[in-house]
Amino acid sequence: MNINELIKDRRTIYAITKDIPVSDEEVVKLITDATELVPDAFNMKSQRVYIALGEKQDQLWDAIYDAFGGKVAREKIDSFKAGHGTVLYYYDKAIVESLQEQFPLYAANFPTWAQQSNGMLQFTVWAGLRNLGIGASLQHYNPIIDDAVKALFNVPDNYVLVAQMPFGGIAELPAEKEKEDISLRVTVAK
């Protein structure tokens, strides 16, 4: 598949199941390789990833539900819990702060660059999962869930949670995207 096909095939898929068409090892390899290969400004290597599988997948989404004290519908949380796993995306604030000290002229940019790199990692993993026949969506329940997730996975205090990506077998594909007038968002100047 070429890059444009991968980008088109990557969609938000909410209807996921525990059954996936590949092994956990293949999923972990994809995520590990992406984490190593996705660029990061100043080669800071700020991205951190936790992968919840099996029992930890269920515990994660139960902890997320509990963190909201019932203010998020159980059905919604259970739809993510129904997946095979979840990728938790972090960046290491200690690395960002260290580079801010080393390069004070760029200090304000390092948090933004860490977020940009994390976004590239999220997209790369998302497209890669879809290429493996796995569906995923990107969720943002942080910062409300931060303490619960840190406790569940023993996450260092200097890690900043950015997003959660539940993934699994595809129970139902989303509807086709409507075609937009992309010229409203892309300008070519010569």
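The values are calculated or read from the model by the stated rules, or taken from the named source; none is laboratory data. Keep in mind it's a predicted model, so treat the numbers as computed, not measured. Methodologically, a virtual Cβ is constructed for each residue, glycine included, from the backbone with ideal geometry; neighbour enumeration extends over all protein chains shown.
A compact table of results
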read-out	value
Residues (farther than 22 Å from S79 by Cα and not small (G, A, S)) located in region 107-146	N109, F110, P111, T112, W113, Q115, Q116, N118, M120, L121, T124
Extreme residue, surrounded by the fewest Cβ atoms within 10 Å (Cβ to Cβ), among residues of region 135-147 that are of a type in the set (A, V, I, L, M) and closer than 24 Å to V27 by Cβ	L138
Selection count, region 15-32, where residues are more than 14 Å from A127 (Cα to Cα) and in contact with a Gly (Cβ under 9 Å, 6 or more places away or on another chain)	9
Any hit, region 48-58, residues being assigned to a loop (DSSP other than H, G, I, E, B) and within 27 Å of I144 (Cβ to Cβ)	yes
The lone exception for Q122 - which of (1) under 19 Å from T35 (Cβ atoms); (2) exposed (fewer than 15 other Cβ atoms within 10 Å of the Cβ); (3) not charged (D, E, K, R) it fails	(2)
Selection from region 1-35 of residues that are in contact with a strand residue (DSSP E or B) (Cβ under 7 Å, 6 or more places away or on another chain), acidic (D, E) and within 22 Å of E172 (Cβ to Cβ)	D19
Residue tally, condition over 17 Å from the mean Cα position of the chain (by Cα) and not small (G, A, S), over region 10-23	6
Inter-residue pairs, beta-carbon under 6 Å, first surrounded by 17 or more Cβ atoms within 10 Å (Cβ to Cβ) and in region 1-14, second assigned to a strand (DSSP E or B) and at pLDDT 95 or above, 6+ apart	I13/G135; I13/I170
